[in-house]
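Here the structure is laid out as C-alpha cells; the discussion comes afterwards.
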Amino acid sequence: MSGNNLISVTVNDKVYQVPAGLSIIQAADRIGVCIPRFCYLEKLSPLGGCRMCLITVQGIPKLQTACTTPAKDGMVVVTESEEIDKARKATLELQLAQHPLDCFHCDKATRCDLQDLTYLFGDIQHRYDFPRKDLPTLYDNPLIERNLGRCVHCERCVRVCEEIQGADAISATRRGRPTEMREVPGGGECQHCGHCVDVCPVGANLDRLFSHRGRPFQMEEGLSLCPYCGCGCTLSLNTREGRIMRVWPRGDEGVNHGSLCARGRFGWGFVNHPERLARPRIKKNGQLVEVDWEEALLFTATRLEKIIREHGPQSVGGLGSARATDEANYLFQRFMRCVIGNNNIDSSARLGYTAGLTGRLGVAGDVREATLDDVRRAARLLVIGADPVETNPILGLAMKAAIRKGATVVVADPRTTLTSRWASQHFRIRPGSEVPLILALARLLLNERELSAFKDADLLARIALRSEELASLAGMLEGDAAEQTVVLAGRGVTQAPYGASAVAALLRIVAKRGASYLLTVDRNNERGSCEAGVLPDRLPGLAPLSDRERFEKVWGQKVPEQPGLSAYEMLQAARDGKQKAFYIMGENPVDDFPDTRYVEEALSSAEFLVVQDLFMTPTAVMADVILPSASFAEKAGQFTNLEGRVQPYTAVIPPVGQARPDARILVELSRKMGKGFPHKNIVEVREEMNNLVPMKESQRQLACNGLSHAVPGPEVQWGPVEDSDFPYLLLTTASLYRNGAESNLAVGLQKGQERAALRLHPADAQGLGVSDGDSVMVTSKTGEIQVSVRLDDEIAPDTLQLAEGFSDANPKTLFGHEIDPVTRTPMARYVQVKMRKL
Amino acid sequence: MIVKVLTRNFDKPDSHTLAVYEAGGGYRTLRKVLESWTPEQVVEEVKASNLRGRGGAGFPTAIKWGFVPKDSPKPKYICVNADEGEPGTFKDRHIMEQDPHLMVEGTILSAYAIGVQTAYIYIRGEFVLAGERTEAAIAEAYAKGYLGENILGSSYSLDIHVHYGAGSYICGEETALIESIEGKKGWPRVKPPFPAVEGLFGCPTVVNNVETLANVPLILDKGAAWFAGLGTEKSGGTKLFTISGHVNRPGLYELPMGTPLLEMIEEQAGGVTGGKKIKAVIPGGASCPVLAAHELDIKMDFNTLMAAGSMLGSGGVIVLAEGTSMLAALLNLERFFAHESCGQCTPCREGTRWIVQILERIERGEGTAGDPDTLIDIAEHMAGRTVCPLGEAAAGPVKSFVKKFRDEFLPGPGPDAGPSGTEHHPQVAGQDG
C-alpha cells in the first residue's frame, strides 16, 4: 500500500499515484487519460447506464464501467484495446440508430458529445435500417424545450434536478426503449435553473430563449457576475454582435460551482431591452426631452450648484446603489462628500444588509463568517427569518447539498417558504418574533445582564414557542458539531425593531459557541455599497467619520464632519422642505422602498431630482435629469457578495446607445462642478479604494470596533398589533423570479412567473369566496393593491404571503414608513390588511 | 426418481394451513434452533449442506450470508424474492400456495442466522392466491408466537412485511427489488456497493429466493449431511423443476440435483406430446441458452449445465417439439425481454428492440442474409455489458437459437416456419404497448 491516502494504479501500462476513494473514470480524468462517456458527470452520482466508459480491469473477464468501478491499489486498467473499441463503437451504433441526426437545425450542433464521439471513433457501422420512431419535442416548460428524439438516456437531467437542484421536476417515465425524460404532473416543480440544459450531452434539453439564435461557434463568451442577489455567481455571457444571446455558468468557476438559478440564467433579458434608456434626458417645460451628455451634465451641475449656493450643501441627498459596482459606489460617496459637501448618503441596502452590518458592528472581535462552501459542508444549519432558497438560491443549493450529506436544518420563520419545506424542523414562530427568539436564545446561551429584564415566559408567549422547543433550537448551537454549525439570518431579523441588537446577540452566541454565521443579502452589491462608504456615518472600509483625515489626504478634498441622514431621514427632510435635491444612482425607491405614497410625495417635494438608471422607472419618471447608465454586462467593476468576497469582472458588450458606466458619469460630473476626480479609468478608482481599504484574500479589512447599541426592554412591541378592521396579516416573501425593476423586464423571468400571486390558506379563500386565480383587493392603512390569489394549505390561516418584486402587485405600497431607531431601517415584513374579492 | 422433501406436504388437504404444517413437524426446527443454536451454528450448518441459491445464479447461500458485515451499526434486512417472473418457471408460486409456512419458517431461521429483525417478502403482484396464503400464514405465525417480539420466549424478535410487485419482471433482480420496496421505480442499481453491504434503505441486506429459504428448515431439521447427500458433490438438496412446453404432463417436479434431462422429460413429464421428437429444450427458464436435440443427454445441475454453455437457472424446463418454429419461439422470448427491459442502459434498451425488429422482419419473410450475424453481434454486445443480468438473459437465447438453428433465421421460409406464440408462454404485449 502506498501511504498518504494515495494508491497506485496502472493505466495503459503506466503507473500512477492517485488519491484513494475515486472511481476509475475519476482517476483517469485526474491523470489526463480520456475515457468517453455520456452519463458520467463528476458532480452527479454515477449511473453506469450509457456503457461508453467500458474498460478492462485485469483479473475481471468482463468489461467494466469506469464510472462505477472503484479504483483500488494495485489495479491494472486498460482503457484502449480492440475489444474496448469495438464495445464503444457498438454502443455508439445503438445510440445513433435511434437519433434523428438532425444536427442541421439543432442548437447543440458543434458542441454535442454525440457528434464529437461519433467523429472521434469514425468508422461506426450503421446497420440499423428500420424507420426511426419520431418522438415529439415538448414545449410544456416555458423556458426549456425537451426534444425526446435526441435524448441519449444518460439521465444527467434527471439526476441534476434531483441531486443538485433538489427540484425533482424531471423523471425517467415509462420503461425500456420508450423511456422518456420529462416533467410529469405530480412531480416536483421546475425552478428554471436550467441546469438540465447545461448537463445535457446532446440537444435534448435546450434553452428556449436561445432557440435558433446562433451556432455555438458564433457566440463569444465573456465572464461576468450575476446582477441579481448577493451570492455573486459567475456567469458566462454568450453574446453575438454585442447582444446577449444566452447565459450559462462556466465549468466549476465561481462561488456557484456550475449552478445558476432562474434569475442568473434567464434574467438577462433587460440588458438589450428596447426600453433601455439610450440618451440623457432633462425636463424642459415639464417634459423630459432627450439631450446630449454635455448638456445633461452641465444642466445637472448648474442646478446642483445653485441649490447648494441657495440652501447649503445639507440640502442635497444621495442614494448610491445596492446594484452598482463597488467602484461606482465609492465614487458616489466621494462625490457626495467632497463635491456636494455632506454625508447624506444611503442606498437600498438600508432595507437589508445595513441593518445586519449595524448589528455586526456591535460585536467586538472576530466572529466567524461562513462562506457558501462552509454551508455546503455544514452539519447543522439554523435559519432564522430567512428564505435563502428564494432570496439567494445558490446559498439555498449549498443548504440542500449539506442536507444531502446529512445536515440537520432547523428553520424558525413565521412563513412557509421553499426553505422551510426543506427543514427537518420548522418552527412557525409568531410573525415579528425573530428578535424575541434571539433574545430568548441569548438568555439561554449567554450570561448577559442587559437581558435580565426579560421574563422567559413572556418571551416564549410572544414567539409562540414551548420552552422545550426553545431548548431544541438552542441545542443546534451546542455540542461537538458547533464548529460545523452555520446560522443563517435574513430580513426577518434585520428588518425588525431592534434588529441590530438581535444580530449582535446572535453573533455573540455564534462567537461563543465557535459556530459561524451568514446573513442573506437580497441584492447583488448591498454589501459592496456599504463597504465602499455609501453610508451616512461610515467612510469606505466602514471607517468612522472621525477617521476622515486619512481619506482627505488621499482625495485632496475635504470630508464633512457631521454624520448624514439615512434614506428615510432624507425623505422626511424633503417632506419638511429641508432637502431640496436628490441624486439617485441606480435605485428605484418608488418601487423598492416601503410606503410608496410617502416616498413619491417626498421626492416630488424636492426641487431637483437626478436619476441615473437603465430604465424609465417610476422614480425616473419624476426626475428632472435622467442619466442613462450602463448595465452590468456593459461595464467593468467589482461586486462584493454576501460572504464579503470582492469579485472583479469586466465588460462583455458595449453599452446600448449612449449609456455610460456609473463611475464615468460621476467623474465627468465632478469635473463639471469644478472639483474634478482624477481617475482615467476604473482600475485607478479600484486602486485608490484598495489603498484606503486594504484587501486580504479577496476580503476587505474592515473597521469593526464594537459599537454599543441601545438594548431593547420588555416593553417593546414586536409583531403586529391586532386590528379588527384589518383582520389578515400579510407577510412578505421573496420570489425566485423577481428581484428589482430589471427582473420585471427580463422576458425569461416573466415566462418563469408572469404575475404576482397572493398565497393564502384554502379556509381563508373559502371565507372570501375566491379560488385559484381570482383577483382580490388588498388594503392596508397606507395603500392598496390588486392581486390574484393562489391557494396553499401550508400557509397559516389568517395570514397571507406575497412576494416582493413583482411590478403588478407591489406589497411595499401597503407598508408604513416608520424606522427602527438604531438601524434606521423601515419595517416591511408584515402588515395588517383587509381583503375583498373583485 | 421423485423425492418428496420440499413438496412433502403438497398433497395433503389444507396443506397451506398452520395446523397441517405443524402436524408434519413444522416449526419444530425453529423451536429447537432458538432454544439451543447460535446464529453462527445455523450458518455453519447451511454452509455444510452445500445449499445453493435457487433463484437462478446458484450462488452458495451461506457464503452470500457471510458477506453481511458483522460489525455494521445499521439494521440488517432480509428480502424474500417471491417475484417469480421467469417464463417457464412456477415453483415459488407452488410453495407459497401449498406450503407457505415452509417459506415463513425458512425466513425466520435465516433471519436469525444473519441477525435480522425485519424481513420483507416481495411477491409478484399477479400471484393473488400465493399472496393471500402467505399473508394468512404470517398472521397465523404471529398468532402462535413464531413471529413478533421474543419469538417462542427467546430473546429473538422478527417482523415480516409483505410487499407486492406491480408487474415488472425486472423487479425480480435483487437491486431492482430493493428499489421497489423502497417505493422507487424498479431499476437495478450499479454494483458495487452490493446489497450485503448497502442494500435496502442503505443497510446490509440479503435477498434470497423462496425455494432457497424453504430448504433451510429441512437442513436444520435433518442435518447438513442428509441434505448434501440428496444432491451432487457441489450442490446439496433436491431441486424443484417446472416442466412445460410440448410434454404430456407439464407441471412441478421435485427431483434430485443431477437428474438426467431426458429422464425428466420422458419419465416425469410423460414424454413429448403426440409422440414427437424433441427439437430443443430451454433448461432453466427463458433466459437460459437453448439446448439442441443432440445436447440433451445431460445431467441437470448447476455445473454440468454451465459446462454445456447453458444454465440450470430457475429450473424452468421448456420443451420444444419437432415442428416448432425456432424463429417464432425466439421472437416470443425477445418480445418479452424488450418489453421488460428497464431502459437504463444502452445495450439492453436499444438492443432488445432492434433484435425484435429484425426477428419480426424475418418472420414477415423480409429478412436479409446478414440478419443472423447482426443478431449475434447485437447479442454479443449486450451480454455482460449491461447494468443487470437482463441484458445477458435477452442475449443468451439469441446467440444459442441463431447459432444452433441458423437456417431458420435466413431469408425464405425455414423448415418450421409458423406463427409466433406458443401455448406455454403466451405472447406478451409489444414493447410500446
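The values are calculated or read from the model by the stated rules, or taken from the named source; none is laboratory data. The model shown is predicted, which means the values in this text are computed figures rather than measured ones. Neighbour counts are summed over all protein chains in view; Cβ atoms, including those assigned to glycine, are modelled from backbone coordinates with ideal geometry. Calculation scope for accessible area: heavy atoms of the full protein, side chains included, ligands and nucleic acids excluded. Shrake-Rupley method; radii C 1.70, N 1.55, O 1.52, S 1.80 Å.
Evaluate the Debye formula for the range A:288-383 with equal point scatterers sitting on the alpha carbons, no solvent, and hand back log10 of I(q)/I(0) at q = 0.19, 0.24 Å⁻¹, in q order, two decimals.
Those come out to -1.10, -1.30, one per q.
Give, as a single signed number, the net charge of other residues whose beta carbon lies under 9 Å from the beta carbon of residue A:804, with Lys and Arg counted +1 and Asp and Glu -1.
0
Please check the range B:187-201 for residues whose accessible area, probe 1.4 Å, is lower by 30 Å² or more when all protein chains are in place than in their chain alone.
Buried-area filter returns B:187, B:190, B:192.
Need one number: the % of Cα-Cα pairs in the range B:238-321 sitting beyond the 15 Å mark.
So the pairs more than 15 Å apart make up 47 percent of the total in the range B:238-321.
Please figure out what share of the DSSP beta bridges in the range B:18-230 is antiparallel and state it in percent, rounded to the nearest 5.
Bridges in the range B:18-230 are about 10 percent antiparallel.
Quick check: Cα centre of the range B:347-361 to Cα centre of the range A:456-517, how many Å?
62 Å
Please work out whether the protein assembly as shown counts as rounded, prolate or oblate from its C-alpha gyration tensor, where a ≥ b ≥ c are the square roots of the eigenvalues and a/c under 1.5 means rounded, while otherwise a/b larger than b/c means prolate and anything else oblate?
Prolate, because a/c is 1.5 or more and a/b exceeds b/c.
Would you tally the net charge around residue B:171, using a Cβ to Cβ cut-off of less than 9 Å, leaving residue B:171 out, and scoring K and R as +1, D and E as -1?
-2
Please work out the average accessible area per residue across the protein assembly as shown, using the 1.4 Å probe convention, and give it in Å².
Counting only protein heavy atoms, the per-residue value for the protein assembly as shown is 36 Å².
Using Cα atoms only, what is the angle between the long axis of helix B:128-143 and the major principal axis of chain B, expressed in degrees (0 to 90) to the nearest 10?
So the inclination is approximately 10 degrees.
Below 8 Å, C-alpha to C-alpha, sequence gap of six or more: please give me the relative contact order for the range B:18-230 in percent.
31 percent
Keeping all protein chains in place and using 1.4 angstrom, which order do B:201, A:632 fall into by accessible surface area, from largest down? Intermediate results must be reported in sequence, preceding the final value.
Numbers: B:201 100, A:632 15 Å².
The most accessible residue leads, giving B:201, A:632.
What average number of partner chain Cβ atoms lie no more than 10 Å from the Cβ of the residues making up B:382-388? List each step's numbers first, then the result.
On the way: counts 3, 1, 4, 9, 3, 6, 0.
Partner Cβ neighbours, averaged per residue: 4.
Find how many whole Å separate the alpha carbon centroid of the range A:64-138 from the alpha carbon centroid of the range B:38-94.
Rounded to whole Å, the Cα centres lie 38 Å apart.
Points 7 angstrom from Cα along the Cβ direction at residue A:691 and residue A:252: gap in nanometres?
3.9 nm
Treating only the Cβ atoms of Lys and Arg (+1) and Asp and Glu (-1) as charged, compute the dipole magnitude of the range A:1-155 about its Cα centre; round to the nearest 20 debye.
The calculated dipole for the range A:1-155 is roughly 240 debye.
Skipping prolines and chain starts, which residues have an amide H placed within reach, meaning under 5 Å, of the one on residue A:383, given they are 5 or more residues away or on another chain?
Residues meeting the amide H criterion: A:410, A:411, A:412, A:488.
Would you tell me the accessible area of residue A:60, worked out with a 1.4 angstrom probe on the heavy atoms of the protein chains, in Å² to the nearest 10?
The value for residue A:60 is about 70 Å².
Helix B:210-222 sits at what angle to the longest principal axis of chain B, using alpha carbons and giving 0 to 90 degrees rounded to 10?
Compared with the principal axis, the helix lies near 40 degrees.
Which shape class, rounded, prolate or oblate, goes with the range B:326-409 when its Cα gyration tensor gives a ≥ b ≥ c as root eigenvalues, a/c under 1.5 marks rounded, and past that a/b bigger than b/c marks prolate? Please report the intermediate quantities before stating the final value.
Numbers: a/c = 1.88, a/b = 1.64, b/c = 1.14.
Here the range B:326-409 falls in the prolate category.
For residue A:310, tell me the accessible area in Å² from a 1.4 Å probe, rounded to the nearest 10.
Number for this one is 100 Å².
Projecting each Cα onto the charge dipole of the range A:43-87 (Lys/Arg +1, Asp/Glu -1 at the beta carbon, about the Cα centre), which of A:57, A:45, A:87 comes out farthest on the positive side?
Result: A:45.
Could you give the distance between the Cα centres of the range A:393-440 and the range A:616-635, to the whole Å?
Here the two parts' Cα centres lie 37 Å apart.
For the range A:728-837, what does the alpha-carbon gyration tensor say about shape, rounded, prolate or oblate, given a ≥ b ≥ c as the root eigenvalues, a/c under 1.5 as rounded, and a/b over b/c as prolate?
Oblate, since a/c reaches 1.5 and b/c is not below a/b.
Please state the relative contact order of the range A:126-270 as a whole percent: Cα pairs under 8 Å, 6+ residues apart?
Relative contact order for the range A:126-270 comes out at 18 percent.
Probe radius 1.4 Å, ligands and nucleic acids left out: which of A:271, B:20 has the largest accessible area, and how do the rest follow? Intermediate values should be presented prior to the final figure.
Working: A:271 0, B:20 30 Å².
Ranking A:271, B:20 by accessible area, largest first, yields B:20, A:271.
What does a probe at residue A:309 reach in the range A:555-592, counting residues whose amide N is under 20 Å from the point 7 Å along Cα→Cβ?
It comes to A:579-583, nothing else.
For chain A, give the share of DSSP beta bridges that are antiparallel, in percent and rounded to the nearest 5; count only bridges with both residues there.
60 percent
Taking every residue in A:91-97, how many Cβ atoms of other protein chains lie within 10 Å of its Cβ, on average? Don't jump to the answer; show the numbers that get you there.
On the way: counts 7, 1, 6, 11, 2, 1, 5.
Whole-number average of other-chain Cβ neighbours for A:91-97 is 5.
Need one value for B:348-358: mean number of C-beta atoms belonging to other chains within 10 Å of its residues' C-beta atoms.
What the average comes to for B:348-358 is 5.
So, counting K/R as plus one and D/E as minus one, what does the shell of residues with Cβ under 13 Å around residue B:81 add up to?
-2
Could you work out how much longer the chain between residue A:275 and residue A:377 gets when fully extended? Use 0.36 nm per residue separation minus the Cα distance between them, nm to one decimal. Don't skip to the end; give the middle numbers.
Numbers: separation 102, 0.36 × 102 = 36.72 nm, distance 4.35 nm.
32.4 nm is the gain from fully extending residue A:275 to residue A:377.
Relative contact order for chain A using alpha-carbon pairs under 8 Å, separation at least 6, rounded to a whole percent?
13 percent
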